[in-house]
1. Somewhere in the stretch 40-53, is a residue of a type in the set (A, V, I, L, M), farther than 19 Å from Gly149 by Cα and loosely packed, with under 14 Cβ neighbours inside 10 Å?
2. In the stretch 59-78, what residues are farther than 20 Å from Thr123 by Cα, under 15 Å from the mean Cα position of the chain (by Cα) and open to solvent by less than 30 Å² (accessible area, probe 1.4 Å)?
3. Being in contact (Cβ under 8 Å) with a residue 24 or more places away in the chain and open to solvent by less than 50 Å² (accessible area, probe 1.4 Å) is the filter; apply it to the stretch 97-106 and report the residue that is nearest to the chain's Cα centre (by Cα).
4. Could you figure out which of (1) without any contact (Cβ under 8 Å) to a residue 12 or more places away in the chain; (2) assigned to a loop (DSSP other than H, G, I, E, B) isn't true of Gly48?
5. Any residue in the stretch 69-77 that is modelled with pLDDT of 95 or more and in contact with a Gly (Cβ under 6 Å, 6 or more places away or on another chain)?
6. Which numbered condition in (1) in contact (Cβ under 8 Å) with a residue 60 or more places away in the chain; (2) not in a helix (DSSP H, G or I) is the only one that Phe33 fails?
7. Taking only the stretch 1-30 into account, find how many residues are in a helix (DSSP H, G or I) and without any contact (Cβ under 8 Å) to a residue 60 or more places away in the chain.
8. Exactly one condition in (1) open to solvent by less than 60 Å² (accessible area, probe 1.4 Å); (2) closer than 15 Å to Ala88 by Cβ is false for Arg23; which is it?
Amino acid sequence: MIVKTVGKLNVELPTDRQIVMAREFNAPRALVFEALTTPALLKQWFKGPGWDLAVCEFDARVGGKYRYVWKLGDNEMGMSGELTEFRAPERMASTEKFDQAWYPGDATSSIDLTDLGGRTLLTLTVTYDSKSTRDMVLKSPMAEGASAGYDRLEEFLGAKAGAK
């Protein structure tokens, strides 16, 4: 059941510890997967207004590590983790840990990409250590930030597809 819609992003709560966000993109699955896993491409869209993705490392394999550090002036936000699943172009899963923890405990996430015949459904599932952590994250502007980020991804994918 959808509990919130932000722009084109639907947010669901399938269990007491999970947040599932889903959004369609007008781009083929392979291109969406490439944009999510290629550092040079991530640096072009995976940032917020005024923020730059200063560090972007992504070792695309099971057991591979990733690291992102966003900067805005003197402010810095970093996160890292390890890939626990990697099946191009359909699924990846990982651990996630922010340098400046803004919620208690750890989280895991998975991204599933469903081919819709030239369009792609992206489903992001984040699992937290507890219901209280999940509820705290749900009350934050996380969904609004994800929606804005996916809008940037949609714009990037449109420009990339047009350039081919």
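1. The initial filter retains those residues of the stretch 40-53 that are of a type in the set (A, V, I, L, M), namely 40-42, 53.
Subset that is farther than 19 Å from Gly149 by Cα: none.
Within the stretch 40-53, not a single residue is of a type in the set (A, V, I, L, M), farther than 19 Å from Gly149 by Cα and loosely packed, with under 14 Cβ neighbours inside 10 Å.
2. Residues satisfying the conditions are Tyr68, Val69, Trp70, Gly78.
3. Ranking the candidates gives Tyr103 first.
4. (1)
5. yes
6. If we test Phe33 against (1) in contact (Cβ under 8 Å) with a residue 60 or more places away in the chain; (2) not in a helix (DSSP H, G or I), just (2) comes out false.
7. 1
8. Of everything listed in (1) open to solvent by less than 60 Å² (accessible area, probe 1.4 Å); (2) closer than 15 Å to Ala88 by Cβ, Arg23 misses just condition (2).
The values are calculated or read from the model by the stated rules, or taken from the named source; none is laboratory data. Model, not experiment: these values are computed from the prediction. Glycine also receives a Cβ, built like all others from the backbone with ideal geometry; neighbour counts cover every protein chain displayed. What goes into the accessible areas is simple: the full protein's heavy atoms, side chains included, and nothing from ligands, DNA or RNA. Shrake-Rupley method; radii C 1.70, N 1.55, O 1.52, S 1.80 Å.
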